[in-house]
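Only the coordinates and a few stated rules stand behind these numbers; no lab work does. Everything quoted here is computed from the prediction, not taken from an experiment. Quick reminder, even Gly has a Cβ in these numbers, built from the backbone with ideal geometry, and neighbours come from all protein chains shown.
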Amino acid sequence: MTDYTDKFLRELLSTTKTIAMVGVSLNEMRPSYFVARYLNLKGFKVVPINPGQAGKTLFGQMIYPSLAEIPEDVGPIDMVDIFRRSEHVGPIVDDAIAALSTRGLRTIWMQIGVINEDAEAVAKAAGLNVIMNRCPKIEHQRLFGELRKAGFNTGVISSKL
Amino acid sequence: MTDAPYGFDTLQIHAGARPDPATGARQTPIYQTTAYVFRDADHAAALFNLQEVGYIYSRLTNPTIAVLQERVATLEGGVGAVACSSGHAAQIMALFPLMRPGDNVIVSTRLYGGSITQFSHTIERFGWSAKFVDFDDLDAIAEAGDENTKAVFCESISNPGGYLTDIPAVAAVADKLGVPLIVDNTLATPYLCQPISQGATLVVHSTTKYLTGNGTVMGGVVVDSGNFDWSASDKFPSLSQPEPAYHGMTFHETFGALAFTFHGIAIGLRDLGMTLNPQAAHYTLMGIETLSLRMERHVENALKVATWLENDPRVDFVTYAGLPSSPYRDRAKKLYPKGAGALFTFAVKGGYAACVKLVDNVEIFSHVANLGDTRSLIIHAASTTHRQLTTEQQEAAGASANVVRLSIGTETADDLIRDLDQALAIAVK
C-alpha cells in the first residue's frame, strides 16, 4: 500500500471544502453512505453523483447524474471521491479533469480497494493530487481524533490541549 | 503511516494519550461510567449502526480503555487493538471472528499449560478443534492444514521458557495456507519482540504479566496488523460476508484494514462481554509507561541468575534461551536480539522431591502462579500451571516433573542468587 504522509493528508483534508462523491449509495448500510454522512457532519459539502438516483437529495444536497452536470452555482469542487470498481476509474478521472479543472479541482481520491495506476498517471499529469486505496473518512477519523475512541493506532502523538 | 517514527520509549508513555479536553488533566483519567450521553437521536442511531465511532456503553468502548488499546496497538505496530478481561479471553476473542463449528487451528505444542487446556478441551465445546504440532517442524505445520484450518497459533517466547519461535518461518507457512498467524507475545512484550514485523497477523497478550508489570490486575488484548486480506478466500465469512447483526453490512468491505478491530468491538465485546474494566486498564497503562526499563532489567537479571545456576553443581540443566549453551542461541541473536525474556526452567538434582524442597525454602522468590512481575516468582509447573496435561504434553511443553520455573524480577540480582543458593543447600543434600 502506498504511503501518504500524515502531513500531506492532514493538509489536504484541512484545505478541502467540497467533495463530489461518485458512486454514492442511498442505502444506509453501504460504505459510501457511511462516508457521505461522516464528511457532511464534519463540515464538508458533499455533492453526490449517481445517475440512478439523480434528482433525489442526500444530506440536503441534490444528487447529479454526472460530474459534468454539477451546476455552476454549487461552487468550486476541490475533490472527486470515487466509489466505483477499479476498472471504471479511467473514464471518471477523464470526466473529472474535463469538467472540473476550471472549477478548482485539486484531488482525485479512490476508495479502499480502488486502484488504477493508469488513471493515477493521467491525473498526476494534469497536476492533481491522487490518493488510492484509502478512505477519506477513515483518514480524517484517524488524524482528527475520532479513531482514538476505539483504540486504533492513529500515529498522533501530542501533549496539546 | 506516521511521518517520522517515534522511539519505543516515547510511544510507551504517549501513544493513545492526550490531555483531557474537559479539564486539561495530563494523566489519563479513569472514566468510571457505564453509559454515555448522545448528542441527539441521530447521533445515537449512527453509533449503533457503526457509522460513527464513539461511546455507547462500556461493554464496547470506554475512553480509558481506548488509550490502552491504542498504546498496545502502536507498540506492536498494528492498526488497532481490542482489550478484554484476561489473556484467556484474548485468545477466544482472537479466534471468534475466524472460527465456525467444524473449523480447526494449528497450535504449537510449546504453550502455557492453561492455553493447552483451552485448545485441547474448551474450544471443543464450540465445535472448534486444535491440532498440536512441533513448531520446529515447518513441514509438519504445513501438513496439518486442511480446508477447515482457519488459523495458526504459537507463543513468541514460550512458557515455561527455553524455547523461542521462529516467527518469520511459521508466518510463511501460515501465509501459504491462507490463514492468519496468531502470536501470544505475553512473555516477550513488544519490547523484546514485534511479531507483526515478523509476519504475524494477530498478536495477543495477557496484559496481567509484563505489560502491567506489578502483579495487580488482569487483562488481555488482541492486536490486528491490518495486513490480512479477509476477502481473498471464503474462509472468513464473519469478516467478508454481510453480517446479519448489522443489517447486512460487510466488515471488511466497510472498514478495510480496520475490519478485525471493529468486529472485535462490535461483535466480540458486544456479544461475549469479556470486557476489561477501566480501573484495570489504568493500572496497566501506568505499568506500560516503564515497560522498556523494566524489561531491560528483567533480561539482565535473568541472564545473571541463569548463568549462576548453570554453573552450580546441584543443578542438572537450565533452559534459558539467552544462555550461550541454548540450542536456540542463533535464533535468539537473530530474532530476539534484545533478550530471550526472563522466564525459564531448571532441573534440580534429586528430581521432584528436591524441587518441592527448593520451592518451600526460598525467601525472596514468591511461590505463586503468575509471571511477569517485578517480584521474582517460582513454581513447580508440572503440578500447577501445566498440571492438566498428560506427561507427554508436559515434556513437549518443557514442564516435566523434575524442573522448577522461575520468573525473574527486577530485584538486585545478587540477592536472588543468594536466595537460590541457600534453598538449594537445603534441597540437594
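Listing for the model above:
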item	result
Formal net charge of residues neighbouring B:Gly213 (Cβ-Cβ distance under 9 Å; K, R +1; D, E -1)	+1
Those residues of segment B:332-367 whose amide nitrogen sits under 14 Å from the label point placed on B:Thr391, 7 Å along Cα→Cβ	B:352
For segment B:300-371 and segment A:78-141, distance of Cα centres in Å	59 Å
Between segment B:40-108 and segment B:250-284, the alpha-carbon center distance in angstrom	1 Å
Positive-end extreme of charge dipole, the protein assembly as shown - chosen from B:Gln241, A:Met62, B:Leu276 (charges on Cβ)	B:Leu276
Spherically averaged projected area in nm², based on the convex hull that wraps the Cα atoms of the protein assembly as shown	27.5 nm²
Cα centre as origin, Lys/Arg/Asp/Glu Cβ charges: the protein assembly as shown dipole, Debye	1120 debye
Nearest-20 debye value, segment A:51-132 charge dipole, Cβ charges on Lys, Arg, Asp, Glu	160 debye
Listed residue (B:Asn214, B:Asn402, B:Gly322) projecting farthest to the positive dipole end of the protein assembly as shown, Cβ model	B:Asn214
Residue among B:Val217, B:Val403, B:Val204 with the largest mean-square fluctuation in a Gaussian network model of chain B, springs linking Cα atoms under 10 Å	B:Val217
Residue with peak Gaussian network fluctuation, chain B [Cα springs, cutoff 10 Å], from B:Ala46, B:Ala83, B:Ala174	B:Ala46
Residue order, fewest to most surrounding Cβ atoms within 10 angstrom, among B:Leu424, B:Leu202	B:Leu424, B:Leu202
Helix-only [θ]222 nm of chain B, DSSP H runs n ≥ 4, -39500 (n - 2.57) each, per residue, nearest 500	-10000 deg cm²/dmol
Choice from B:Tyr55, B:Tyr163, B:Tyr210 showing the highest fluctuation, given a GNM over chain B with Cα pairs closer than 10 Å	B:Tyr55
Dipole moment magnitude, nearest 20 debye, segment A:1-119 about Cα centre, only Lys, Arg, Asp, Glu C-beta charged	460 debye
Antiparallel DSSP beta bridges within chain B, percent to nearest 5	60 percent
DSSP beta bridge pairing in segment A:6-150, given as percent antiparallel to the nearest 5	10 percent
Packing-based exposure ordering (other Cβ within 10 Å, fewest first) of B:Lys429, B:Lys334	B:Lys429, B:Lys334
Taking A:Trp109, B:Trp308 and counting other C-beta atoms within 10 Å, the order from fewest to most	B:Trp308, A:Trp109
